[in-house]
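The values are calculated or read from the model by the stated rules, or taken from the named source; none is laboratory data. What you are looking at is a predicted structure, and each value in this text was computed from that prediction instead of being measured. Cβ placement follows ideal geometry from the backbone for every residue including glycine, while neighbour counts extend to all protein chains displayed. SASA here: full protein model, heavy atoms, side chains in, ligands and nucleic acids out. Shrake-Rupley method; radii C 1.70, N 1.55, O 1.52, S 1.80 Å.
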Amino acid sequence: MPGAKVVSSGKIVLVLAAALMIVLATTSAFGMGMDWGGGGGGDPGDGNTCVPDDPLVIIPGPLGSPVRIAPFDGQTFLVADYTRKTLSWYDQSGNLVPFIETLGKPLSVAVDSVFKNNDKLKEAYYYVGNDDTRTIDVYYEKNDQVLLTGQVPVGTNGIQALDMQFDPVQNELFVVDGLSREVKVLSSDGQLVRTIGNGVLVDPKAITVDAAAGQIYVSDFGDPVVYPVIPASVQVFDMTGSLASTISGDGLFSRPQGVALTADKVYLVDSMLAKILEFDRSTGVKTTSFSCQGASEAHLLLPMDVVLDQAGQNFIVADNRNMRITVVPLTQP
């Protein structure tokens, strides 16, 4: 909308010549359904009794290609849909509402929000990894209006923001860069503060930050082709970027994506196994797994991200090839 006012609060903002009012998406064509052969299944070694679907019949869902989920207020989650170029709200009642039509394919999303005392939204910034322009796009919401305030390229070659998380404690944005294969930490004004994992990370994919514990968890595909083979892993760094520990995927997982944490557990989705794997946070030992490959309720197909609901009773999963958000109960088999 030409002439719209761009509001800045010292966040990551590069003002465009004419700020754009984002038009809320109201309709979206469903993708084509797909038939899949059998496969997957529970791990007999960890008590997972999930039975895979055979054959897998994929019914077009309300999403096209969900890739990342950002928790918002404990009750709602923001979902990045890569193929339909949208951000959508998902709540625990199962409602999915289109929110922002992005300017390119969104690889990731992070949220920085401020609430009033009555828990109503005061203002929010939404950071979106734009795969088309290789920028981080910044959207600002206030008074029920959403503005695109700018696009941050981060370096001469841009950035492939595969995953992001905003740390409100230090006011920093942590970004997994698929181009440089490291984590870039940006300040509130969009400047590069430091990099993490250079020389350690091989093919990083996703990140979660526990600022209170001073830990950063990064999933890494490794390199299964070259010799010597580098196994997939979850690398754990401190907030300065020093490597603290490693959870090795050797024999356990090969295509790790989103990571979620509790006080004593690490949860990791493996897109190839179509599972959520549980590890002891202090020892890195695998303890169990959840779900398996399929299209029916609580089954997964190419899961990309996982978060826990506010009560810590359910996984909220970006179930990519099922084209939906899938809820998997966190209950021991």
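The table below lists the values:
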quantity	calculated
Rounded percent of accessible protein surface that carbon and sulfur make up, the stretch 211-333, 1.4 Å probe	55
Rounded accessible area per residue of the stretch 196-315, 1.4 Å, Å²	38
Per-residue HN-Hα couplings for the stretch 75-87 [Karplus 6.51, -1.76, 1.60; θ = phi - 60°; Hz; x = Gly/Pro]	10, 10, 9, 9, 10, 8, 10, 5, 6, 8, 6, 9, 10
The stretch 92-164 - accessible surface per residue (Å², probe 1.4 Å)	43
The stretch 295-331-the stretch 58-94 distance, computed between alpha-carbon centres (Å)	11
Spacing of the two label points (7 Å from each Cα toward its C-beta) at THR246 and SER296, in nm	4.0
Pair ILE230, GLN310: separation of 7 Å Cα→Cβ label points (nm)	4.1
Accessible surface of ASP319 - all protein chains present, 1.4 Å probe, nearest 10 Å²	0
Accessible-area order (highest first, 1.4 angstrom probe) of the listed residues THR262, THR331, THR195	THR331, THR195, THR262
